[in-house]
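> Just dropping this structure here.
The values are calculated or read from the model by the stated rules, or taken from the named source; none is laboratory data. What you see is a predicted model; the values in this text were computed from it and never measured. Virtual Cβ from ideal backbone geometry, glycine too; neighbours counted across all protein chains shown. To get the accessible areas, we keep the full protein, side chains included, count just its heavy atoms, and leave off ligands, DNA and RNA. Shrake-Rupley method; radii C 1.70, N 1.55, O 1.52, S 1.80 Å.
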Amino acid sequence: MRIRHSTLFWAGFCIVVALLVGLFGAAKQIVKLRALRDRDPLTTILAAFGVSLILQNYALWQFGPVARKIDEPFTGHFNLFYLEYPWYRLVIAGLSAALIGGFWMFLKHGKYGIWIRATTQDRVMAQAMGIPVPWVHTAAFAIGAGMAAASGVLFGPLVGVNHTMGLDWVLKAFIVVVVGGMGNLGGSIAAAIFISLLEAYASLWVSPAQAVIVSFVVLILTLLLRPTGLFVATPK
């Protein structure tokens, strides 16, 4: 494995982007979404989608439709079962696991993580216990935006960067959350691994573009047979 001189710059850039996007997410929640908190959830979804369309078209106007290639900070390959894999994919897997593990520890043991879980379970009771629910919503939105930005920086060198690079992954994230169970972090992780393996095995017989259909089949079957998610207990 060879490490480029730009590795430290890349790591710092990833952190800075995550912080800046997290702050932008907090500002967006305060300015636009907080006023919609007590309305139909569909209204909030449409408002957030509208902002994403504005940002995508602004990026298209500024940078054009051609994807920009980013050099991988780690070069070289290693052999696994007679196949060659780039070291950078292993780095992404490790950093992603560390990011998810740190977030899980924060939700499980951190004071503010407990506030987030309490607000998710019962917003009215959490507010009655003195938890600042509006700011918890802002913090949760900022954390989600920051983690999405860090994921984009990590994944950018693999596929290039363009104004629509997040659309496919938003859809995959929706499928993972529904299959794993709303509000269940462990279930979402298990569902992500499960669906990824299914698509990988399906691509052995059909093209990768057709293998994506497998995830939608899993989503439909989950909604029909177990609407609460595969990894969430069904209420009696």
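> All other residues with a Cβ under 11 Å from the Cβ of Val133 taken together, and with Lys, Arg as +1 and Asp, Glu as -1, what is their net charge?
With Lys, Arg at +1 and Asp, Glu at -1, the neighbours total +2.
> Still on this structure, please answer the following. Below 8 Å, C-alpha to C-alpha, sequence gap of six or more: please give me the relative contact order for the chain in percent.
24 percent
> How big is the dipole moment of the chain about its Cα centre under a simple scheme where the beta carbon of each Lys and Arg is +1, that of each Asp and Glu is -1, and everything else is neutral? Debye, nearest 20, please.
With only Lys, Arg, Asp and Glu charged at Cβ, the dipole is about 480 debye.
> In Å², what does the accessible area per residue of segment 1-99 work out to with a 1.4 Å probe?
Roughly 75 Å² per residue, with all protein chains present.
> Using θ = phi - 60° and the Karplus relation 6.51 cos²θ - 1.76 cosθ + 1.60, list the HN-Hα couplings for segment 202-212 in order, rounded to whole Hz, with x at every Gly or Pro.
Along segment 202-212, the couplings run 5, 5, 6, 9, 10, 6, x, 5, 7, 5, 4 Hz.
> Near the amide H of His77, under 5 Å away, which other amide H atoms are found, from residues 5 or more places off or on another chain, if H is placed in the peptide plane?
Trp87
> Here's something else I'd like to know. Does segment 32-137 classify as rounded, prolate or oblate by the C-alpha gyration tensor (a ≥ b ≥ c root eigenvalues; a/c under 1.5 gives rounded; else a/b over b/c gives prolate, otherwise oblate)?
oblate
> So, with a 1.4 angstrom probe, what is the percent of accessible area on segment 115-236 that is carbon and sulfur?
Heavy-atom surface of segment 115-236 belonging to carbon and sulfur, 1.4 Å probe: 73 percent.
> Excluding Gly25 itself, what net charge comes from residues whose Cβ is under 15 Å from its Cβ, given Lys and Arg +1 and Asp and Glu -1?
Cβ neighbours under 15 Å give a net charge of +3.
> Exactly which trypsin sites (Lys or Arg not before Pro) in segment 63-101 are in a DSSP loop and have at most 12 other Cβ atoms within 10 Å?
Lys69
> Quickly estimate the mean residue ellipticity at 222 nm for the chain, helices only: each DSSP H run with n ≥ 4 gives -39500 (n - 2.57), and the total goes over all residues, rounded to 500.
-22500 deg cm²/dmol
> Quick one: how many Å² of Thr119 are accessible to a 1.4 Å probe, rounded to 10?
Looks like 10 Å² after rounding.
> Now, a different point. Segment 173-188 to segment 52-124: how many Å between their Cα centroids?
Taking the Cα centre of segment 52-124 as reference, the centre of segment 173-188 is 16 Å away.
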